[in-house]
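Below: one structure, written as structure tokens.
The values are calculated or read from the model by the stated rules, or taken from the named source; none is laboratory data. Note that the coordinates shown come from a computational prediction; the quantities given were computed from them, not determined experimentally. Backbone-built Cβ (ideal geometry, glycine too); neighbour counts: all protein chains shown. All accessible areas refer to the heavy atoms of the entire protein, side chains included, with ligands and DNA or RNA removed. Shrake-Rupley method; radii C 1.70, N 1.55, O 1.52, S 1.80 Å.
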Amino acid sequence: MKRTRIAVIGGGAIGRTHAVAIRACAVTDLAGIVDPFETGKALATEMECPHFSKIEDLPKDIDGAIIATPNALHVPQATTLIGAGIPVLVEKPLGENAAACADLVALSERTGVPGLVGHHRRHNLIVQAAKEAIDLGRFGTLVSGTIMASLYKPDSYFDVAWRRDKGAGGPILINLIHEIDLVRHLFGEITEVFALSSNRQRGFDVEDTASVLLKLADGGLVTVSLTDAGVGPWCWDTTAGENPARFPAMPAVSHMFSGTQAGMSLPDLAFWTHEGARDWTVAQGNHPLRAPAEDSYVEQIRHFAAVITGDEAPRIALADGAANIAVIEAIRRALAENRPARIDPLPQNAASELKAMME
Ligand SMILES: NC(=O)c1ccc[n+]([C@@H]2O[C@H](COP(=O)([O-])OP(=O)(O)OC[C@H]3O[C@@H](n4cnc5c(N)ncnc54)[C@H](O)[C@@H]3O)[C@@H](O)[C@H]2O)c1
């Protein structure tokens, strides 16, 4: 496979993870860091790669770019890059609203320049093993699920202004969106939501805690308990041990799903089925699924390189990122109106790309 030269736009926390992953991946080279601020310059020095202050300064021969900047910049920067013919991996959330995301989907379709969204969990072999069992019919249909997304962010995390701002910050947009993508990926489309939120612990404009109910197209219900101000190991980032350089791995279960045929928890991949009749008085046995350990960020980079060369279609297309935002918008409506909200249909172009992906 041809080596690809990938630049990272935004040299902050996740920009560093991407830069390290690009250097670790066998088929990619780090073409440079774009960041007007000191952190980006320092990262470029550490990674021994060129530093640029703006996207326009990037050399013309790069093959792709990763957008790892504050949320509000994702759609404008992706528009510039796709417009210049450069494939992008855009960090989540794809954008701040579904309409802007849909315009980006349209631009990518019109130009044929691909985009991938940074919902990296789909590259994790644990998620792939769960998805395979579901696709084989071993789990049945999702009936009920509970997701704990409980993490404690230190005060210094909020020194960065956008993380406190309504619209760009808050764990619903920053963290819950990964759960939404995971639920949609494993179990299908979400059709309706309800939510309660609280900002009691931090007192910012944005929530620090929320309880969110997701209803799926085939009737399944998932409850997500979300907080960035609560102690406890029960969140994917720590339970899955995906990014040990940032989050120490802790062996706990954060996701529990009951299907019509089996019960499955993650990330331990426990897989419970009745030893006889499906009856709560009959014993169940755990026959865990298996997944070898792998760095999902490096796999994400390998996949992005294959998307750039045209060897693979994006696992999480721009339309998928737009669909996740549509769910976030419904949650915001549910919170504002204090009643359940249905998911708005995606604009036609994004909906047709998503349908094509799922077929
Ligand atoms: N996939 C994941 O697991 C994951 C994890 C963390 C963050 N993220 C997402 O990544 C994005 C960045 O988050 P972060 O925590 O790394 O933020 P951060 O604040 O640590 O980093 C953002 C970087 O962007 C730089 N920047 C600001 N304006 C810029 C511009 N015009 N051009 C280039 N660079 C610019 C800043 O100087 C900073 O270095 C967010 O959208 C966040 O939601 C994703």
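Among residues that are buried (at least 24 other Cβ atoms within 10 Å of the Cβ) and not in a strand (DSSP E or B), ALA130 is included.
Being closer than 20 Å to THR146 by Cα and within 14 Å of the ligand (Cβ to nearest atom) is the filter here, so list the residues in region 240-250 that pass it.
Within region 240-250, ALA240, GLY241 meet the criteria.
Among the residues of region 301-312, is there at least one that is in contact with a helix residue (DSSP H, G or I) (Cβ under 7 Å, 6 or more places away or on another chain) and surrounded by fewer than 18 Cβ atoms within 10 Å (Cβ to Cβ)?
Looking through region 301-312, at least one residue is in contact with a helix residue (DSSP H, G or I) (Cβ under 7 Å, 6 or more places away or on another chain) and surrounded by fewer than 18 Cβ atoms within 10 Å (Cβ to Cβ).
Taking the numbered list (1) closer than 19 Å to HIS119 by Cα; (2) touching a Ser or Thr at 6+ places or on another chain (Cβ under 9 Å) in turn, HIS178 passes all entries but (2).
Restricted to region 81-115, and to residues there that are small (Gly, Ala, Ser) and part of a loop (DSSP other than H, G, I, E, B), the residue that is least open to solvent (accessible area, probe 1.4 Å) is GLY95. For region 233-256, the set of residues classified as loosely packed, with under 15 Cβ neighbours inside 10 Å and closer than 22 Å to PHE158 by Cβ consists of ALA245, ARG246, PRO248, listed by residue number.
Looking at region 308-318, can you tell me whether even one residue there is of a type outside the set (D, E, K, R), more than 21 Å from the chain's Cα centre (by Cα) and assigned by TED's automatic domain parsing to the domain that holds LEU30? Steps first, please.
If we filter region 308-318 for residues that are of a type outside the set (D, E, K, R), which is where we start, we get 308-310, 313-314, 316-318.
Right, trim to more than 21 Å from the chain's Cα centre (by Cα) and you get 309-310.
Checking which are assigned by TED's automatic domain parsing to the domain that holds LEU30 leaves us with 309-310.
Yes, that holds for at least one residue.
Contact map, region 14-33: first residue at positive phi and in the same structural domain as ARG302 (by TED's automatic domain parsing), second residue in a helix (DSSP H, G or I) and surrounded by 20 or more Cβ atoms within 10 Å (Cβ to Cβ), Cβ cut-off under 8 Å, separation 6 or more or different chains; pairs are GLY32/ALA44. Going by the conditions given, is GLN300 in a loop (DSSP other than H, G, I, E, B) and either under 30 Å from ILE86 (Cβ atoms) or touching a residue at least 60 places away in the same chain (Cβ under 8 Å) (or both)? Criteria not met by GLN300.
Return yes or no: is VAL253 assigned by TED's automatic domain parsing to the domain that holds SER144, at pLDDT 95 or above, in a loop (DSSP other than H, G, I, E, B) and in contact with a Gly (Cβ under 7 Å, 6 or more places away or on another chain)? In short, no.
Here are LEU125, LEU89: which of them is within 20 Å of THR17 (Cβ to Cβ) and in contact with a helix residue (DSSP H, G or I) (Cβ under 7 Å, 6 or more places away or on another chain)? So that I can check it myself, show each step before the final result.
On the way: LEU125 fails: in contact with a helix residue (DSSP H, G or I) (Cβ under 7 Å, 6 or more places away or on another chain).
It is LEU89.
Just the residues that are exposed (fewer than 12 other Cβ atoms within 10 Å of the Cβ) and either touching a residue at least 24 places away in the same chain (Cβ under 8 Å) or within 16 Å of the ligand (Cβ to nearest atom) (or both), please, taken from region 261-295. Those that are exposed (fewer than 12 other Cβ atoms within 10 Å of the Cβ) and either touching a residue at least 24 places away in the same chain (Cβ under 8 Å) or within 16 Å of the ligand (Cβ to nearest atom) (or both): ARG290, PRO292, ALA293.
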